[in-house]
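Worksheet: one structure, shown below.
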Amino acid sequence: MNKKISDKDKQDWQDFLNSTDKLENKDQKISSTRKRYIERSIDLHGYTLEEANQKMTSYIEECFINGVFKINVITGKGLRSKNLNDPYQSNNLSILKHSVPNFIKGSDHLMRKIISIDFDAVENPSVGNFDIFLRKKK
């Protein structure tokens, strides 16, 4: 592919090289937006409800302090939960996938640090994780 460069293109290139105008640094814009988009993940497999809630409380506080924007919480789908054999237990609230976001939602202290919780993912039976989006620390 041998294309000839037009005289206009040559002149435009020469004008560019001779110009003293500064170019906008696009990398600076990208790096400043990336700083805010820090993402962390936590896996709660094997935790009891109480342990998971305690772990999430400290993890959300730590992430908020460190400027994390998004937390991906891996809970599993709850398919192997032993609560399915116990008719006196809730099928949803004893599964981490449902109980952890409800615990967080019920905590005013934690919700002051949170923009939103992805409850659509919580309700989706084929998904074993959900996201929490944190506010920016003032």
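Starting with the fewest neighbours, write out Lys136, Lys4 ranked by other beta-carbon atoms found within 10 Å of each beta-carbon.
Values: Lys136 10, Lys4 6.
So the ranking, lowest neighbour count to highest, is Lys4, Lys136.
In this structure, the amide hydrogen of Ile38, modeled 1.01 Å from its nitrogen in the peptide plane, lies closer than 5 angstrom to those of Phe69, Lys70, counting only residues at least 5 positions away or on a different chain. Computing FRET efficiency as 1/(1 + (r/R0)^6) for Lys8 and Ile65, where r is the C-beta to C-beta distance and R0 is 41 Å, gives about 0.15. Can you check what the net charge comes to around Asp15, using other residues whose Cβ is under 13 Å from the Cβ of Asp15 (Lys, Arg +1; Asp, Glu -1)? Taking every other residue near Asp15 into account, the sum is -2. Using the Cβ of Met111 as centre and a radius below 12 Å, the other residues enclosed give a net charge of +3, where K and R count +1 and D and E count -1. Residues in the stretch 59-66 carry Karplus couplings, in order, of 5, 5, 4, 5, 5, 4, 4, 8 Hz; the curve used is 6.51 cos²θ - 1.76 cosθ + 1.60 with θ = phi - 60°, and Gly or Pro positions show x.
Quick one: which of Lys97/Lys138; Lys22/Lys138; Lys97/Lys137; Lys55/Lys105; Lys22/Lys70 span more than 24 angstrom between C-alpha atoms? Please report the intermediate quantities before stating the final value.
Numbers: Lys97/Lys138 30 Å; Lys22/Lys138 34 Å; Lys97/Lys137 27 Å; Lys55/Lys105 15 Å; Lys22/Lys70 36 Å.
With Cα atoms farther than 24 Å apart: Lys97/Lys138; Lys22/Lys138; Lys97/Lys137; Lys22/Lys70.
Computed from the coordinates by the stated procedures, all read-outs in this text should not be read as laboratory data. Every value quoted in this text rests on a predicted model; they were computed, and no experiment measured them. Every residue, glycine among them, receives a Cβ derived from its backbone with ideal geometry; neighbour counts consider all protein chains shown.
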